[in-house]
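*Asks:* Shown below is the structure under consideration.
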Amino acid sequence: MTAAKYDVLGIGNAIFDVLVQTDEGFLSRHGMTKGGMSLIDQNRAAAIYSDMGPATKMSGGSAANTIVGIASLGARAAYVGKVRDDEIGRLYTHDIRTAGVAFETKAAASGPATGCSYILVTPDGERTMNTYLGAAQELMPADIDAEQIAAAAFVYLEGYLWDPKSAKEAFVKAAAIAHKANRRVALTLSDSFCVDRYRGEFLDLMRNGTVDLVFANEAELHSLYQTSDFEAALKQLRSDIGLAAVTRSEKGCVVASKDGVTAVPAFPVKKIVDTTGAGDLFAAGFLFGLSRGVGHESAGRLGALAAAEVIQHIGARPQVSLKELAQQSGLPV
């Protein structure tokens, strides 16, 4: 196996985030399910935006957040995602490259605008997302560069990508290229509503070896196996995939493999401000740890550290160097 050019390459929906702190009443008025992610059209996007208060705007997208976190830890990172060649698309491209991420996907010259997610953060820090995929759903198999995929030790796939047909095909193509090059493929289940839509297909990806590692939170795990029994779901997960990391909010996480289950505590947090990106940044720390060859417990602690940093401020990207934070905490970087 040739040496990897990148530690991790992520493939996902390139989405520009518009975040606002609001109350439960706003969610009720707009018929939103608290804590979930809904796909919306351009008209609904405009209606939500016009009713929002002052917003924080920044580049986002689940896998992109993870990849930026990996770069912040000092790893070599790359990202594949589709934007339109418009003002927001150019801003997105500038942002992710400035974060130290290789981003070479050709912007769309026509078609839908760059995707946006309208994220409502309630006083308890919970985030509710309304996503207009826009150009993100135009990601095609032709956007997958075989040489670039084969050059990454880990390829990280976003469950949200399973919505658009062409992106799904790009996802499967990338996994096949990665495995042919003896690389490893990770999948994040993304959202319990996403799991509800594609439960059977996600299980097939795990059971047929398309993916080697799965990230999920408790809600996604329960949805995947349609049970409220955590231990029963975990047992089934271990039989379906070689390695999985399940986040449990303040309870920390569990790393499940054929060899057993390792529980890792959460890092202490002064105040939860915004849970947007918690799972994304956990995946960043965990994948970074695996890329450095540390054990499952240390990888879980790196994930917990990165997640703790991101939930203490608005926005889904780290505001300090995660590498320096890990060093201060005595974690391997």
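*Asks:* Return the pairs, sorted by first residue and then second, in which the second residue is assigned to a helix (DSSP H, G or I) and polar (S, T, N, Q), the first residue lies in region 267-279 and is at positive phi, the beta carbons are less than 8 Å apart, and the residues are 6+ apart or on different chains.
*Replies:* Qualifying pairs under 8 Å: Gly277/Asn65.
*Asks:* Let me ask something else about it. So if I check each of Glu309, Glu324, Glu297, which one is modelled with pLDDT of 95 or more, under 19 Å from the mean Cα position of the chain (by Cα) and acidic (Asp, Glu)?
*Replies:* Glu309
*Asks:* Right, next: Would you mind stating whether Asp163 is touching a Cys at 6+ places or on another chain (Cβ under 9 Å) and open to solvent by 30 Å² or more (accessible area, probe 1.4 Å)?
*Replies:* yes
*Asks:* Which of the residues that make up region 90-108 are aliphatic (A, V, I, L, M) and open to solvent by less than 30 Å² (accessible area, probe 1.4 Å)?
*Replies:* In the first step, residues of region 90-108 are kept if they are aliphatic (A, V, I, L, M); the result is 91, 96, 99, 101-102, 107-108.
Those that are aliphatic (A, V, I, L, M) and open to solvent by less than 30 Å² (accessible area, probe 1.4 Å): Ile96, Val101, Ala102, Ala108.
*Asks:* Here's another thing I want to ask about it. When residues of region 1-54 are filtered for being hydroxyl-bearing (Ser, Thr, Tyr), exposed (fewer than 13 other Cβ atoms within 10 Å of the Cβ) and in a helix (DSSP H, G or I), how many remain?
*Replies:* Total meeting the criteria: 2.
*Asks:* Using the structure shown, decide if Leu325 is among the aliphatic types (A, V, I, L, M) and open to solvent by 10 Å² or more (accessible area, probe 1.4 Å).
*Replies:* It is true that Leu325 is among the aliphatic types (A, V, I, L, M) and open to solvent by 10 Å² or more (accessible area, probe 1.4 Å).
*Asks:* Any residue at all in region 72-84 that is more than 25 Å from Ala153 (Cα to Cα) and of a type in the set (Ser, Thr, Tyr)?
*Replies:* No; the residues of region 72-84 include none that is more than 25 Å from Ala153 (Cα to Cα) and of a type in the set (Ser, Thr, Tyr).
*Asks:* Here is a follow-up. Go through region 218-277 and give me each residue that's of a type in the set (Gly, Ala, Ser) and surrounded by fewer than 15 Cβ atoms within 10 Å (Cβ to Cβ).
*Replies:* Selection gives Ser228, Ala232, Ser239, Gly260, Ala263.
*Asks:* Of the residues Gly285, Gly289, which is touching a residue at least 40 places away in the same chain (Cβ under 8 Å), of a type outside the set (A, V, I, L, M), open to solvent by less than 10 Å² (accessible area, probe 1.4 Å) and farther than 28 Å from Ile119 by Cα?
*Replies:* Result: Gly289 is the single residue among Gly285, Gly289 that is touching a residue at least 40 places away in the same chain (Cβ under 8 Å), of a type outside the set (A, V, I, L, M), open to solvent by less than 10 Å² (accessible area, probe 1.4 Å) and farther than 28 Å from Ile119 by Cα.
*Asks:* Shifting gears a bit: Give me the strands (runs of 3 or more DSSP E) completely within region 165-276, filtered to those with at least 2 residues that are within 21 Å of the chain's Cα centre (by Cα), ordered by residue number.
*Replies:* Here the list reads 184-188, 213-217, 243-247, 253-257.
*Asks:* Among what's in region 55-87 and is open to solvent by less than 50 Å² (accessible area, probe 1.4 Å) and hydroxyl-bearing (Ser, Thr, Tyr), pick the residue that is modelled with the lowest pLDDT.
*Replies:* Start the filter on region 55-87 by keeping residues that are open to solvent by less than 50 Å² (accessible area, probe 1.4 Å), which leaves 55, 58-75, 77-83, 86.
When the remaining residues are screened for being hydroxyl-bearing (Ser, Thr, Tyr), the result is 59, 62, 66, 72, 79.
Details: Ser59: 89, Ser62: 95, Thr66: 98, Ser72: 98, Tyr79: 98.
Applying the filter and picking the extreme gives Ser59.
*Asks:* Among the numbered criteria (1) part of a helix (DSSP H, G or I); (2) in contact with a Gly (Cβ under 7 Å, 6 or more places away or on another chain); (3) open to solvent by 30 Å² or more (accessible area, probe 1.4 Å), which one does Arg301 miss?
*Replies:* All conditions are met except number (2).
The values are calculated or read from the model by the stated rules, or taken from the named source; none is laboratory data. Bear in mind the structure is a predicted one, so any value in this text is a computation, not a measurement. Here Cβ is always computed from backbone atoms with ideal geometry, including for glycine, and neighbour counts include all displayed protein chains. The area values use the complete protein model at the heavy-atom level, side chains included, leaving out ligands, DNA and RNA. Shrake-Rupley method; radii C 1.70, N 1.55, O 1.52, S 1.80 Å.
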